[in-house]
Amino acid sequence: MASYLSWLDHDSIARERTLRILSLFQEKESRDELGLGSVRDSFADQLFPGTSTIQTRLRYMLFVPWIYHSLEENRLLAESFAIQADKLERDLVQPLLDSDDQAGVFGKTAGKKLKRLPSSVYWAGLGVWGIRLTTFSQDEYHRRIDETYRRRNALKALEKDAKARGDDIDVEQRRASLSWHPRLPAPPQNFPAMVNFALSREEAEFIRDRVQVACGGSLLSFLALHCEPADSQAPWEHPDYGRFSEEHKELLANARLFSEVMHGAALSYNVQLARLRNHEDLVAEHQASFDEWTANLPLEEIRTWSVSRLWELTMDHGHTITPQTRSFVQQWIDHTRTSPSGLLSDTEALTLIKRREMKLKGERSRFRNHRALEQWGGYSGVGRLVYRWPNVKVLLNDLYQGMNREEKC
């Protein structure tokens, strides 16, 4: 049977709406009140390496290296390197706001006074995708740029001598002196004075190739190479799921069940806080969400789910999942398997959530700190875990549009 594919062909208004929804969803999902972030991020990094919940648009993966590469080309010294890079990043804001696609602009509200620059958000991903070759942290890269210039000068002298002797050039040594991938596409004319989020086909092909080479076994790579973007709510709902590898299906199946089960723990936490605040409307709202959760819970799957396999799939993938976290998850799963509808009246299950939050937050626990409880906004971690999928959808759509863009002659 042929698989059904749907894809996003956003205009600027639709993209803006998507980013607003993404921002709201990100806020609800990313709050890690019960210490599940290590498991969540292990799944997300395996499925979608190099991404994060604060990345907005794909072309920032080129904006950042273009800025730094231009400073290196001009041999800007360390004393002013970071300052000028900061200025050039802030100079991106207005041209992007002047374009016909403003969704996901860093500094859309604050303008040039934005506090978090794109480079800090994309630095890790640039390394994972093999676009950034320097292994230095961003700050170290700034501080040691003079050393980089000296190393390149020394390498040029060695290559000149080698050429005179008729010896081969050491390609690996030359590559080790580079900060950025040698096939990085050239920036558009007048960058960054005139710029938008539309990838050229050359740029899209470069990014796709980097993802394929650096992250070839990931679901991200498969989607970038073989699928049109899909407007599904979670990656396991992708219309082309049938074509995914068995490894990806298993990873997604465990990610889905973990999301399903632990969503109930987050809802229990919110119900308990609402009760402590004596906020009847919030109690009713979170209770209704909890009832909906129990009504739709795939209980038979959860009862036959191998939790030991969950840990095999998520441990030792760059994230520390502590014994305390594993114990908490196992106990909540056990309670859920027994009687999900009774969890809000089960003293032992309620205490499990309470003690977990108190252990993580200490004196800042909302269960023991009245001021922290009063400052609670009413919703903490109530979004379902979908492992950066809203952000990934936007990035994949940007890539797809670039790959299908007609180049100007």
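Every read-out reported here was derived from the displayed coordinates using simple, explicitly stated rules and does not represent laboratory data. None of these values were measured; they are calculated from a predicted model. Cβ sites come from the backbone with ideal geometry, for glycine too, and all protein chains shown count toward neighbours.
Observations, loosely collected:
- Between 0 and 90°, nearest 10: helix 118-128 axis offset from the chain longest Cα axis: 90
- Within segment 378-394: backbone nitrogen closer than 12 Å to the Ser245 label point (7 Å, Cα to C-beta): none
- Inter-centroid distance (Cα atoms) of segment 104-150 relative to segment 266-326, Å: 36
- Neighbour-limited loop hits for trypsin sites (Lys or Arg not before Pro), segment 269-348 (at most 12 other Cβ within 10 Å; DSSP other than H, G, I, E, B): none
- Cross-link reach is defined here as a Cα-Cα straight distance under 13 Å, omitting same-chain residues fewer than 8 places apart; for Lys160 the aspartates and glutamates meeting it are Asp168, Asp170.
- Normalised convex hull volume, segment 187-261, alpha-carbon set, Å³ per residue: 130
- Cα lying deepest toward the dipole's positive end in the chain, options Leu396, His279, Phe290, charges on Cβ: His279
- Prolate/oblate/rounded call for the chain, Cα gyration tensor, a/c under 1.5 rounded: prolate
- Point-charge dipole on Cβ atoms (K/R +1, D/E -1) for segment 29-96, about Cα centre, debye to 20: 220
- Between Arg355 and Leu299, the modelled label-to-label distance comes to 2.6 nm, taking each label 7 Å out from Cα in the direction of the beta carbon.
- Crossing angle, helix 37-47 versus the chain [Cα axis fit, 0-90 degrees, rounded to tens]: 50
- Choice from Gly104, Gly242, Gly381 with maximal GNM fluctuation in the chain (Cα, 10 Å cutoff): Gly242
- Ranking Leu223, Trp236, Pro65 by how far each Cα lies toward the positive end of the dipole of the chain (charges on Cβ) leaves Pro65 at the top.
- Positive-end residue, the chain charge dipole about Cα centroid, Cβ charges, pick of His263, Gly104, Leu360: Leu360
- If only the Cβ of Lys and Arg carry +1 and only the Cβ of Asp and Glu carry -1, the dipole of segment 60-198 around its Cα centre is close to 200 debye.
- The angle separating the long axis of helix 78-90 from the principal Cα axis of greatest extent in the chain is about 60 degrees.
- Cβ-placed point charges (K, R +1; D, E -1), dipole of the chain about Cα centre in debye, nearest 20: 1220
- Relative contact order (%) - criterion: Cα under 8 Å, at least six apart; region: segment 60-198: 33
- Checked against a 30 Å cut-off, the cross-linked pairs Lys113/Lys156; Lys249/Lys361; Lys112/Lys393; Lys115/Lys393 give Cα-Cα distances beyond that limit for Lys113/Lys156; Lys249/Lys361.
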